[in-house]
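Since the structure comes first, as structure tokens, the remarks are kept for the end.
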Amino acid sequence: MKVFLMHRDLDFDPKQRLPPNQADLTQDLELTTLFDAMALGDKFLFEVANQVTLSSLGEPDAIRYRQEILKDCLKNAAIVREIYQIPIQSTQNKQKHWLGIFSRHPGGILSSAIEMLEMFVGLLRKLKQIADEHAGEFESEGFKRFFEMIQQELSEDYFTVVENHLKELRFRGGVLLSAELGTGNEGANYVLRKANHGGQNWVRRFFARKSPVYSFTLHPRDDHGARALGELKDRGINLVANAVAQSADHIDSFLNTLRLELAFYIGCLNLAEQLTQMGEPIAFPTAVDFSERRHSFTGLYDICLALTMKKKVVGNDVNADGRELVIITGANQGGKSTFLRSIGLAQLMMQAGMFVPAESFSANVCTGLFTHYKREEDTSMKSGKLDEELSRMSVIVDNIIPGSLMLLNESFAATNEREGSEIARQITSALLDRHIKVLLVTHQYELAHGFHDKKMDNAIFLRAERKADGVRTFKVVEGKPLQTSYGKDLYHKVFETED
Amino acid sequence: MTFHSILFDKDDIQGESVEQPPFFTDLNLDQVIDAITAKRQEYNLKPFFYSPLRDAETIFYRHEVMRDMEAEMLMAHIKAFVEKMVLVRRYLALVEKLDFNYHKKGWFLEAVLVYCDAVTDLARDLSLAEIKSRGFLAFREYVLTYVHTHGFESLAAEARKVKTGLSSVKYSVVIQIGKFSVQRYEGETDYSAEVERTFEKFKQGAVKDYRLDLYKGSGMNHIEAQILEFVARLYPEQFAALDHFYAGHSLFVDETIQVFDREIQFYVAYLEHIAEFKRMGLVFCYPQVSATNHDVYDHDGFDLALAHTLLNSEKPVICNDFYLKDPERIIVVTGPNQGGKTTFARAFGQLHYLASLGCPVPGSEAQLFLFDRIFTHFEIEEDIRNLRGKLQDDLVRIHDIIAHATPDSILILNEIFASTTLKDAVFLSKEIMARVMELDLLCVWVTFIDELATLSEKTVSMVSTVLPENPALRTFKIIRKHADGLAYALSIAEKHRLTYAQIKERIQP
């Protein structure tokens, strides 16, 4: 029995190695804000959101599989939340009744495993009931398969067989083992056997056989012998205790997987509810193969900014289909960084199978997302700022592969403009040559202008908009780089408000 | 060709020295040999490593064997053999300790089975292996003859027959409170499997293994012994055969095989040790050796002890070259501190010592001298005694060295006279140097006194180096002084390998 709500034919792996630059992504895209909104204070939901979002899917088809399931969840939120309660109930039962397999001898393992199984049977019956009642209301491939499996595997007959075993495993009559002579004539290959003619009286029948039987009765004070006999019995039930305990663990892990895989969708439900409350739109993105170059959207906003401000924020419309280099220039504090972050966030959310914060959104998947942001604080003593930026870039180059998406935000500006531009130019050109999509925010005219002069077909230039009166709209529009960066505006604004 | 020993080509086998040579600690050879022998204490291998050779012929004999052993196949076969011999010894020791009749005889049978297996496999593997060394060729002949002796053949056949009988025994035990019964097994079904099948559908990933390791050490308790006795009554024939076998065989391990089992560990241990460094990209070679020619060289050599401590660190092992060509005898090493001078001097000593054991040495190509003795004098930095007392000790020790050294000795001096006044140090060093040159022996001398390097045609100057653009960075490279300066200006981006060309190189399309 497999949950398969995160992948079509694979369990979600909560320990999957996250990309090596996960810390940079989290910091540069302010992912914690997003995960907080999905978790609503639940640590487990936070962890799952973090893990899923950072371990991106690479296939558009795999993305669609989750999107369909998420749509079902949005439609049947109450039922999904009810299913999510089943594994949670299991965890609570275990805590309340001290259930668990902690014993260090097979007899103890066996009896605690039986108790666990009895508790699981109750919860599985409940899951079966939900499936029987609501399966028809779900349309996604993932949920349909899930419910069909529950109905097929957990029949009433099956529950009966399980309950019979749970009774027999208490071994009221005695234990029958077979053994062989192993190395050094020591008993080996102990196998627990079921008498050929079963029933309550199997022991009597066993002794009535014709072949010779040798019996030995321990002296009542032979404690050592009694212990040895107990050990022998333990050897016999070692395997069955293992089988029962592992079965309990398997069901436990089935329920844990169910919890894990639903947790992602519960997080999405939480997020959707908050965005709807603010009146922010959500859209299911169209993902295309990484070999294509697509990036077009309307109303794309920075979800983390909206969540922080707790209100609707400015969205952007851009069509960068077919482009591999996007250079964003313009006014300081004009929304360049916010725009770049909204691109990164949307990409991660899309490749996690989530909806994205936009009215519409379409992009190619990328084989890896990398961010290189100017860092305000430089804590390292030994390297200068440019040195630090370059060493971070070098780590990226170690990991980046063709088909990746690179977001550069005011990178390599820690030196004079001519040198900084030249370094950035070389890096950007090399990345483009290796089929890596580059979005570059810069106030360095030399750099932006240099690329603009090349009149590349696959480049697009965007500018943080500024009205004629100097007011910033925080909108990003298509436009060639301009020589000034409007620092003067900012200067005036800051100084004039202070006066 | 008669087989004497896998370590010696001649009959007059050199005795094993049990004492660690005095220069071992200065050269960190104690660490090297400890690391090599650590996992093989039971063979007492250190005496092999304490006994250097001067006979180039015997060294070549070992090189041949070592080269054969470098073939993964042969190494694997030998390892399989020695592992089985370990078991044989363990089982026989067990037999001595056991109490119950059929238990004891059972383990004796196991020991014989493993021994026959070990020797038969070895004979088969050696006959198929591509071996060239005189040592292995002779040993192969010996083993092939041995396995076809009547004694060995009948031992093996009888042991197998007895074991087959015992393996066919299968019985049932019913355990109730305070009693048990034993009977022949009659086809009852496996209940664990049935339970497992029922819950099969829930199988997720790997879960904890609850099978307890119920092995309770060697020995049988009286319940198990009682069961075994019942089983023996249920299957009398099989156990009578065991009685007969035990009575008929006692000392069954061949002595030559036993000696080989220990001696071959010398090669296994050394090759296994250096394999770790080879994986790191370091190289080893079979040096040319001579007890007469004082020309020596080694390319890409390194300190084996230091390499071992760096094994699990990020730090690279720095390799160095040296050569001495007649009339050159003395390498004078100068240069900044912490630049790898001492390491270089140690490596020089280690290389010569390892070569004298017949081992491959660190480096890509080497020619080394077969010394009569190695003398070392290393400054002990944290010495609390007063300087005059120390200087006197130093001089006494050096006098002692000079008195015993011959033109065939190797001398390694490290920062002697470092704690006396410069004037004294220069004077004393020049005096000692004159005597060393007169002795005409091979010498590495680490010193801060530059003048020593140019005293005569016998001395060669080598210097520890730094990066020209950042003198604070040590390269740990020791080079002949006349080497050209490595001044190349790196732009900062180049340093991070982030130019256009470098990035394109680094990201594969």
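Just so you know, all these numbers are worked out from the coordinates, no wet-lab data involved. Note that this is a predicted model, so its numbers are computed, not measured. Quick reminder, even Gly has a Cβ in these numbers, built from the backbone with ideal geometry, and neighbours come from all protein chains shown.
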Estimated FRET transfer efficiency (A:Val477, A:Val395; beta-carbon r; R0 25 Å; 0.05): 0.15
What does a probe at A:Ser215 reach in segment A:151-185, counting residues whose amide N is under 17 Å from the point 7 Å along Cα→Cβ? A:173-177
For segment B:201-341, with +1 on Lys and Arg beta carbons and -1 on Asp and Glu, the positive-most of B:Gln238, B:His273, B:Pro316 along the dipole: B:Pro316
In segment A:150-242, which trypsin sites (Lys or Arg not before Pro) are in a loop and have at most 10 other Cβ atoms within 10 Å, using DSSP for the loop call? A:Arg170, A:Arg172, A:Lys210, A:Arg221
How well do other chains shield peptide A:232-244, expressed as the mean number of their Cβ atoms within 10 Å of each residue Cβ? 6
Across the residues of A:169-181, average count of Cβ atoms on other protein chains within 10 Å? 6
Which residues make up the longest stretch of chain B that has no chymotrypsin sites (Phe, Trp or Tyr not before Pro) in a DSSP loop with at most 11 other Cβ atoms within 10 Å? B:216-487
Excluding residues on the same chain fewer than 8 positions from A:Lys15, give the lysines whose Cα lies under 22 Å from its Cα. A:Lys2, A:Lys43, B:Lys203, B:Lys208
Considering the zone a paramagnetic label at B:Leu395 would reach in this model (a point 7 Å from Cα along the Cα-to-Cβ line), which residues of segment B:432-453 have amide N under 18 Å from it? B:432-436
Note down the nm distance, to one decimal, between modelled labels 7 Å out along Cα→Cβ at B:Ala291 and at B:Gln176. 8.3
Roughly what % antiparallel, to the nearest 5, for the DSSP beta bridges in chain B? 50
Mind putting a number on the dipole of chain B about its Cα centre? Charges go on the C-beta only, +1 for Lys and Arg and -1 for Asp and Glu, and I need it in Debye to the nearest 20. 1380
Normalised contact order of chain A, rounded percent, pairs of Cα under 8 Å and 6 or more residues apart: 18
How big is the dipole moment of segment A:285-331 about its Cα centre under a simple scheme where the beta carbon of each Lys and Arg is +1, that of each Asp and Glu is -1, and everything else is neutral? Debye, nearest 20, please. 320
Which longest uninterrupted range of chain A lacks any chymotrypsin sites (Phe, Trp or Tyr not before Pro) assigned by DSSP to a loop state (not H, G, I, E or B) and surrounded by at most 12 other Cβ atoms within 10 Å? A:103-499
222 nm mean residue ellipticity, helices alone, for chain B (DSSP H n ≥ 4; -39,500 (n - 2.57); rounded to 500): -15500 deg cm²/dmol
Using +1 at the Cβ of each Lys and Arg and -1 at the Cβ of each Asp and Glu in chain A, identify which of A:Ala37, A:Phe290, A:Ile251 lies farthest towards the dipole's positive end. A:Ile251
If R0 = 60 Å, then A:Leu18 and B:Glu237, at their Cβ-Cβ distance, give a FRET efficiency to the nearest 0.05 of 0.40
Taking every DSSP beta bridge that has both residues in chain A, what percent is antiparallel when rounded to the nearest 5? 40
For segment A:145-198 and segment B:126-190, what is the centre-to-centre distance using only Cα atoms, to the nearest Å? 34
Percent antiparallel among DSSP beta bridges (both partners in the protein assembly as shown, rounded to 5): 50
Under 20 Å from a point 7 Å along the Cα-to-Cβ line of A:Gln85: which residues of segment A:130-155 have their amide N that close? A:130-138, A:147
Across peptide A:208-217, what mean number of C-beta atoms from other chains lies inside 10 Å of a residue's C-beta? 6
Between the alpha carbon centres of segment A:298-340 and segment B:253-291 the gap in Å comes to 66
Expressed in nm to one decimal, what extension gain is obtained for the pair B:Thr454 and B:Arg279 from 0.36 nm per residue of sequence separation less their Cα-Cα distance? 59.0 nm
What nm value, rounded to one decimal, do you get for the distance between B:Lys39 and B:Asp440 when each label is placed 7 Å out toward the C-beta? 4.7
Report, in debye and to the nearest 20, how large the dipole of chain A comes out about its Cα centre when Lys and Arg carry +1 and Asp and Glu carry -1 on their Cβ. 1620
Identify, among A:Asn364, B:Gly349, B:Met69, the residue whose Cα sits farthest towards the positive end of the charge dipole of the protein assembly as shown, taking +1 on the Cβ of Lys and Arg and -1 on the Cβ of Asp and Glu, with the dipole about the Cα centre. A:Asn364
Given an 8 Å cut-off on Cα distances and at least 6 residues of separation, report the relative contact order of segment A:204-316 as a percent. 14
Distance (nanometres) between label positions extended 7 Å along Cα→Cβ at A:His224 and A:Lys374: 8.3
What FRET efficiency do you get for B:Thr25 and B:Glu505 if R0 is 41 Å and r is their Cβ-Cβ distance, rounded to the nearest 0.05? 0.30
With just the Cα atoms defining each centre, how far is segment A:422-463 from segment B:340-362? Give it in Å. 55
